[in-house]
Amino acid sequence: MKKIFTLFAFLLIGLSGCTAAPVPSTPAPTRQEFVFKNTVVSLTFDDGDADNYSVRSVLTENNLRATFYVVSGFTNSSGYMTDDQLRDLYNDGNEIGGHTLSHVKLTDVRGDDLKREVCQDRANLVAYGFEVTSFAYPFGHYDDEAMRTVIDCGYGNARGVSDGPEIIPPVNVHGLRAMPYIVSDTRLPKMQRYVTEVENNGGGWTIFVFHHVCDGCDKYAITLDVFMKFAQWLGEQQSNGLVVKTVGEVMEGQ
Ligand SMILES: [Zn+2]
């Protein structure tokens, strides 16, 4: 009796093993890959926050380069990247852009003060050894005098913080339009949609604006985990035709 039971159990296990085995058939349809023909993405980070350095390896691992807009008056102070860290990012192929000396609203300063905020900031970054052609307006605030100053200080382009996506060539290279700020509750699918919707609407230039990279340190923050997932997705989409470039590289191509 024991023998029969053992045989029965053996058969049962064998049978269940059989039913669990995959049945050879036509291969499962692969998920339709999104094809990009006319979409360019730029990843931009404002302020030169110390936590931004944590994305360095994520960018290189996914063959991506970003633009870091630096407030040079804060560089090397607590909470901000050092000039050595900026140099590391730059040497990886990332772009270093200007973001004023002390992060003032450019519509609040005039004349020599305005000039100093923009020109001295750029001079500091050039002195660190960077080629600096891109600027971002703090808080996105600018008027005619601010824009004129940015041009006079030698900037080839300047980014705002709204009204994106942009088109290529942009209507106003000193008023580049960006997607809404990435904030702590911006989810990955929304960021992906910012890219795919541009392609679906005929193409264009999606400029992302990041600030902090951390878990809960700030309202204007993305966690490193979400950024890693987004970077991995962007990296993969490059083989589907998506172009990811720094702001300076996009403008050079014009
Ligand atoms: Zn800023």
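The values are calculated or read from the model by the stated rules, or taken from the named source; none is laboratory data. For clarity, every value in this text was computed on a predicted model and none was experimentally measured. Neighbour counts are summed over all protein chains in view; Cβ atoms, including those assigned to glycine, are modelled from backbone coordinates with ideal geometry. Please note that ligands, DNA and RNA were not included when accessible areas were found on the heavy atoms of the full protein model with its side chains. Shrake-Rupley method; radii C 1.70, N 1.55, O 1.52, S 1.80 Å.
How much area per residue is accessible in the range 37-252 when the probe is 1.4 Å and only protein heavy atoms are counted (Å²)? Kindly include the intermediate steps, with their values, before the conclusion.
Details: 9140 Å² over 216 residues.
Here the residues of the range 37-252 average 42 Å² of exposed surface.
Given all pairs of different Cα atoms, what value in angstroms does the Kirkwood hydrodynamic radius of the chain take?
Kirkwood radius, the chain: 20.1 Å.
What number comes out for the charge environment of Val209, summing +1 per Lys or Arg and -1 per Asp or Glu over other residues with Cβ under 10 Å away?
My count for the surroundings of Val209 gives 0.
Would you pull out the residues with amide H under 5 Å of Asn157's amide H, same chain only if 5 or more places away, H placed 1.01 Å from N?
Counting only residues 5 or more places away or on other chains, the set is Phe135.
What is the range 29-78 by shape, rounded, prolate or oblate, if you read a ≥ b ≥ c off the alpha carbon gyration tensor as root eigenvalues and call it rounded for a/c under 1.5, prolate for a/b larger than b/c, and oblate otherwise?
Taking the square roots of the gyration eigenvalues as a ≥ b ≥ c, the range 29-78 is prolate.
Within a Cβ distance under 9 Å of Tyr137, other residues only, what is the Lys/Arg minus Asp/Glu net charge?
It works out to a net charge of +2.
Return the calculated 222 nm mean residue ellipticity for the chain, to the nearest 500 deg cm²/dmol, obtained by summing -39500 (n - 2.57) across DSSP H runs with n ≥ 4 and dividing by the residue count.
-10000 deg cm²/dmol
How do the peptides 154-163, 213-222, 134-143, 181-190 rank, highest first, by the average count of neighbouring beta carbon atoms within 10 Å per residue?
For the peptides 154-163, 213-222, 134-143, 181-190, the packing ranking is 134-143, 154-163, 213-222, 181-190.
How many angstrom lie between the C-alpha centres of the range 103-130 and the range 79-95?
When both Cα centres are located, 19 Å separates them.
With just the Cα atoms defining each centre, how far is the range 162-192 from the range 39-66? Give it in Å.
15 Å
Cβ neighbours within 10 Å, averaged per peptide: list 40-50, 71-81 in order, most packed at the top.
40-50, 71-81
Give the residue from Leu106, Ala123, Asn172 lying farthest towards the positive end of the charge dipole for the chain; charges sit on Cβ (+1 for Lys and Arg, -1 for Asp and Glu) and the dipole is referred to the Cα centre.
Sorting the options by dipole projection puts first Asn172.
Can you tell me the dipole magnitude for the range 37-252 around its Cα centre, using point charges on the Cβ only (Lys, Arg +1; Asp, Glu -1), in Debye to the nearest 20?
Once rounded to the nearest 20, the dipole reads 420 debye.
With point charges of +1 on the Cβ of Lys and Arg and -1 on the Cβ of Asp and Glu, referenced to the Cα centre of the chain, which listed residue (Gly79, Thr133, Phe227) lies farthest in the positive direction of the dipole?
Selected residue: Phe227.
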